[in-house]
1. Net charge near Pro29: determine it from the other residues with C-beta under 14 Å of the C-beta of Pro29, scoring Lys and Arg +1 and Asp and Glu -1.
2. Give me the number: length gained by fully extending Arg4 to Glu34, i.e. 0.36 nm times residue separation minus the C-alpha to C-alpha distance, one decimal in nm.
3. Along Cα→Cβ, 7 Å out, is where each label goes; now give me the distance between the ones at Asp92 and Phe17 in nm to one decimal.
4. Roughly how many nanometres apart are two label points built 7 Å out from the Cα toward the Cβ at Ala27 and Ala82?
5. For a quick protection proxy, order the peptides 55-62, 77-84, 39-46 by their average other-Cβ count within 10 Å, most packed first.
6. In square angstrom, what is the accessible area per residue of the chain with a 1.4 angstrom probe?
7. Output the relative contact order of the chain, whole-number percent, from Cα pairs under 8 angstrom with separation of 6+ residues.
8. Using a cut-off of 14 Å between beta-carbons, work out the net charge of the residues near His45 (Lys and Arg +1, Asp and Glu -1, His45 not included).
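The values are calculated or read from the model by the stated rules, or taken from the named source; none is laboratory data. All values derive from a computational prediction rather than experimental measurement. Cβ placement follows ideal geometry from the backbone for every residue including glycine, while neighbour counts extend to all protein chains displayed. For accessibility, only protein heavy atoms count, side chains too; no ligands or nucleic acids. Shrake-Rupley method; radii C 1.70, N 1.55, O 1.52, S 1.80 Å.
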Amino acid sequence: MTARRLGFGCAVLGVVFFAVGGVWAMAWPESFFEQVATYPPYNHHLFHDLGAFQLGIAAALVAGIASRPALAVSLWGGAVGASAHAVSHWLD
């Protein structure tokens, strides 16, 4: 297995991990708290922020997989994370 294939596989696993966790924390923060992050006290907005951050990481990994330039990867990840964070503030 080449280093490139290994890196690609790790990036794909990262996308799945961060996208699933991000959507879960954003959409069902109570469930995320009960199943994953059981440290008290529960803070609804904190889990929305966590989900937004994870979605930004997933987006950056997707852009990296698409072999975009580093600036495009960082801008895409930041834009998705910031947009999800703005949605969380709107919801809260």
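1. Details: positive: none; negative: Glu30, Glu34, Asp49, Asp92.
With Lys, Arg at +1 and Asp, Glu at -1, the neighbours total -4.
2. Values: separation 30, 0.36 × 30 = 10.80 nm, distance 3.74 nm.
Full extension from Arg4 to Glu34 adds 7.1 nm.
3. 2.5 nm
4. Going from the Ala27 label point to the Ala82 one covers 2.6 nm.
5. Highest mean packing first, the order is 55-62, 77-84, 39-46.
6. On the way: 5950 Å² over 92 residues.
Computed with neighbouring chains in place, this is 65 Å² per residue.
7. On the way: 107 pairs, mean separation 28.0, N = 92.
Relative CO of the chain lands at 30 percent.
8. Numbers: positive: none; negative: Glu30, Asp49, Asp92.
With Lys, Arg at +1 and Asp, Glu at -1, the neighbours total -3.
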